[in-house]
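Bear in mind these aren't lab numbers, they're just calculated from the coordinates by the rules spelled out. No experiment lies behind these values; they were computed from the predicted model shown. Reconstructed Cβ throughout: ideal geometry from the backbone, glycine too, with neighbour counts over all protein chains shown.
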Amino acid sequence: MKPPPFGYHAPRTLGEALDVLAGTGEHGKVLAGGQSLIPLMNMRLAAPAHLVDINRLGGLAAVETGPDGVRVGALARHAQVERSAGAAAVQPLLRQALRLVAHPVIRNRGTAVGSLVHADPAAELPAVLALLGGSVRLARRGGTRDVAAGEFFTGPLESALRPGELAVSAFFPALPARSGTAFREVSRRHGDYALAGVAALVRLDGDLRVAEARAACVSAGPVPVVVDVTAACGAAPAGAADWEAAARAVRERIEPEDDIHATAHYRRHLTGVLAAQALREAARAAVEDAAGNAGNAGNAGNAGNTAGRAMGHGAGDAAENTAGRAMGRGAGDVVGRDGGTAGQEGAHG
Ligand SMILES: Cc1cc2nc3c(=O)[nH]c(=O)nc-3n(C[C@H](O)[C@H](O)[C@H](O)COP(=O)(O)OP(=O)(O)OC[C@H]3O[C@@H](n4cnc5c(N)ncnc54)[C@H](O)[C@@H]3O)c2cc1C
């Protein structure tokens, strides 16, 4: 099918784009990568009277990294963010999640910010933004506002974006010290939206016990569902934390629905399984992060001790432990800041 007729605008500056959007109001829609909007228009599920194509606004394509986090411009493609070594170093969850978004050809064109505004509860990046407590910067003629992730996603395919506004960037906070992340999901075919998926973040305290553990679930409700499972883990050393109890807490909180792909019951079960896997993997990464930081601080000899302590080993045997051995890592089980790839792709089904 072809889309219904629409007016096409190709502004060359941000000011021009905001003027057009102010003029078209609720009849105008921004066109970024077009990987979601164009199929919807072709299927006549969306029929904006005006498209405002922002692809000529090169100034919006930057991916900026700093100690506080990663700011992703509205024209930064999924692939660009995925390949950014700086972004992966500051916030590894971005790359872990983006590898699971659709296929490379879609990631070459689709934008990270477009995915956030599209607000599909089955999409990976909204869950990442919600888990990390990030924000989206919205510009309109005459001003900008930052909307926190908690207020940005308002329903399935609905966000806080108002008519006349353009999302100029999104901010993903940096990974805190002694922390790790992971993303696990299952989809029917590689590249499909996930039937269920979980992003996890685990932060350890100075004694390498779990100080904070959170999971964000996709396809588990009308918006990404963030569950704080810190209490369920009970401040245990990373290797001894009760991730199954955490998974039960996640299952109790989510509200998946039946659809043609899966029953709500199956999604609830699967989300729990993935939550336990993702949290365990994030904890491993946190242990490695703590060990790496100890090494970077000139305590290379203590790195093994650090990981050993996290696993509840005494000082005597800790010296022999590397983080990987201490976590009982199996062959092919990739961990660390870029970790989880093998496991995630294995789980992709
Ligand atoms: C076969 C296929 C599989 C896919 N699988 C996945 C998947 O597994 N996971 C996943 O997350 N996504 C998936 N996608 C979607 C893909 O990630 C899209 O790129 C993304 O959802 C939207 O980004 P876009 O830049 O293409 O936005 P567009 O399609 O251009 O726009 C989408 C919506 O966001 C609005 N919008 C976009 N940018 C802005 C902006 N800067 N300011 C204001 N409004 C804006 C548009 O007006 C429109 O309403 C898939 C797409 C396809 C075709």
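Taking the fewest neighbouring Cβ atoms within 10 Å as the starting point, the ordered list for V113, V218 is V113, V218. Trypsin sites (Lys or Arg not before Pro), restricted to the stretch 187-252: which are DSSP loop and have at most 13 other Cβ atoms within 10 Å? Filter output for the stretch 187-252: R188, R189.
Residues T230, T13, arranged from fewest to most other Cβ atoms within 10 angstrom of their Cβ, appear as T13, T230. Calculate the length of the line joining the C-alpha centroid of the stretch 253-278 to that of the stretch 135-160, in whole Å. If we compute the Cα centre of each part, the gap is 28 Å. Just add up the charged neighbours of R77: K/R +1, D/E -1, any other residue whose Cβ is under 12 Å from the Cβ of R77. Combined, the nearby Lys, Arg, Asp and Glu give +2.
Scanning residues 5 or more positions from A61 or on other chains, those with amide H under 5 Å from its amide H are L75, with H placed 1.01 Å from N in the peptide plane.
Taken one residue at a time, the phi angles of the stretch 63-79 give Karplus couplings (6.51, -1.76, 1.60, θ = phi - 60°) of 10, 9, 10, x, x, 7, x, 10, 9, 10, x, 5, 9, 6, 6, 3, 5 Hz. Gly and Pro are set to x.
Here the calculated FRET efficiency for A177 and E244, from their Cβ-Cβ distance with R0 = 45 Å, stands at 0.95, rounded to the nearest 0.05. Loop-located GluC sites (Glu not before Pro) across the stretch 207-269 with a Cβ neighbour count of 16 or fewer within 10 Å are E257, with loop assigned by DSSP.
Straightening the chain between M43 and Y266 buys 77.3 nm, computed as 0.36 nm per residue apart minus the Cα-Cα spacing. Listed by Cβ neighbour count within 10 Å, with the fewest neighbours leading, L166, L279 appear as L166, L279. Within the shell defined by Cβ-Cβ distances under 12 Å, the residues around G33 carry a net charge of +2, with Lys and Arg each +1 and Asp and Glu each -1. In this simple spin-label approximation, A236 and H27 carry label points 7 Å from Cα along the Cα→Cβ vector, and these lie 6.1 nm apart. Using the Cβ of D53 as centre and a radius below 12 Å, the other residues enclosed give a net charge of +2, where K and R count +1 and D and E count -1.
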